[in-house]
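Enquirer: Quick one: the structure is below, questions incoming.
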Amino acid sequence: MEDLNGWTVTAGNPTMKTWVLNTSNDGSMISGYWEATPGTYYAVYTEYEFVHVIEGKVIITPDDGEPVKIGSGDAFVVEAGFKGTWEIIKTVRKHFDIKLS
């Protein structure tokens, strides 16, 4: 997979790659790895995502909130309905688990 649906480049010339390693038997969950190079994306989430950052630095800013600096070793959940920017400062590689609708 290359660029994700719901993600739009707003600054720089970042690239992303997604490796889906597992899909649940009923198709309700996917897991894998994602990598993005420096730049900024505007992201709209329609599903819940658990994220564990393996390496890199990113600043995530929700439309209605304050920026959050995230780096290697951090883990968090992005809720369905999130809208905001992912500013990739240093190439990011993350493990993800997404609950599909």
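Every read-out reported here was derived from the displayed coordinates using simple, explicitly stated rules and does not represent laboratory data. Bear in mind that the values here come from a model prediction, so they are computed numbers and not experimental data. Glycine gets a Cβ as well: all are built from the backbone with ideal geometry, and neighbour counts include every protein chain shown.
Enquirer: For a quick check, take a GNM of the chain with Cα springs below 10 Å and name the residue from GLU55, GLU47, GLU35 with the largest mean-square fluctuation.
Expert: Its mean-square fluctuation being the largest, the pick is GLU47.
Enquirer: Which whole-angstrom value gives the distance between the alpha carbon centres of the stretch 1-31 and the stretch 51-101?
Expert: The stretch 1-31 and the stretch 51-101 have Cα centres spaced 13 Å from each other.
Enquirer: For the stretch 29-50, list residues with backbone N below 14 Å from a point placed 7 Å from the Cα of THR15 toward its Cβ?
Expert: 35-39
Enquirer: In debye to the nearest 20, how big a dipole does the stretch 1-70 give about its Cα centre with +1 on each Lys and Arg Cβ and -1 on each Asp and Glu Cβ? Don't skip to the end; give the middle numbers.
Expert: On the way: 3 positive and 10 negative charges, 51 e Å.
Dipole size: approximately 240 debye.
Enquirer: Let me ask something additional. For the chain, modelled as a Gaussian network with Cα springs under 10 Å, which listed residue fluctuates most, TRP19, TRP34, TRP86?
Expert: Result: TRP19 has the largest fluctuation of those listed.
Enquirer: Another question about this same structure. Hey, any idea what the orientation-averaged projected area of the convex hull of the chain's Cα atoms comes to, in nm²?
Expert: Numbers: hull surface 23.1 nm².
Taking the Cα atoms of the chain, their convex hull projects to 5.8 nm² on average.
Enquirer: Order these by the 10 Å Cβ neighbour count, fewest first: MET29, MET16. Please report the intermediate quantities before stating the final value.
Expert: Values: MET29 16, MET16 19.
Ranking MET29, MET16 by Cβ neighbours within 10 Å, fewest first, gives MET29, MET16.
Enquirer: Something else: Can you tell me the length gained on complete extension of the stretch THR8 to LYS83, counting 0.36 nm per residue apart and subtracting the Cα distance? All intermediate terms of the calculation are to be shown ahead of the outcome.
Expert: Values: separation 75, 0.36 × 75 = 27.00 nm, distance 1.14 nm.
Stretched fully, the THR8-LYS83 segment lengthens by 25.9 nm.
Enquirer: Using the count of nearby Cβ atoms within 10 Å as a rough guide to exposure, how do SER24, SER101 rank from fewest to most? Kindly include the intermediate steps, with their values, before the conclusion.
Expert: Numbers: SER24 12, SER101 7.
Least crowded to most crowded, the residues run SER101, SER24.
Enquirer: Another question about this same structure. Can you sort ASP74, ASP63 from fewest to most other Cβ atoms within 10 Å of each residue's own Cβ?
Expert: Numbers: ASP74 15, ASP63 10.
With the sparsest Cβ surroundings first, the list reads ASP63, ASP74.
Enquirer: Same structure again: Counting only other residues whose beta carbon sits under 10 Å from that of THR37, what net charge do I get with K and R as +1, D and E as -1? Could you put the intermediate results ahead of the total?
Expert: Working: positive: LYS17, LYS90; negative: GLU35.
Local net charge: +1.
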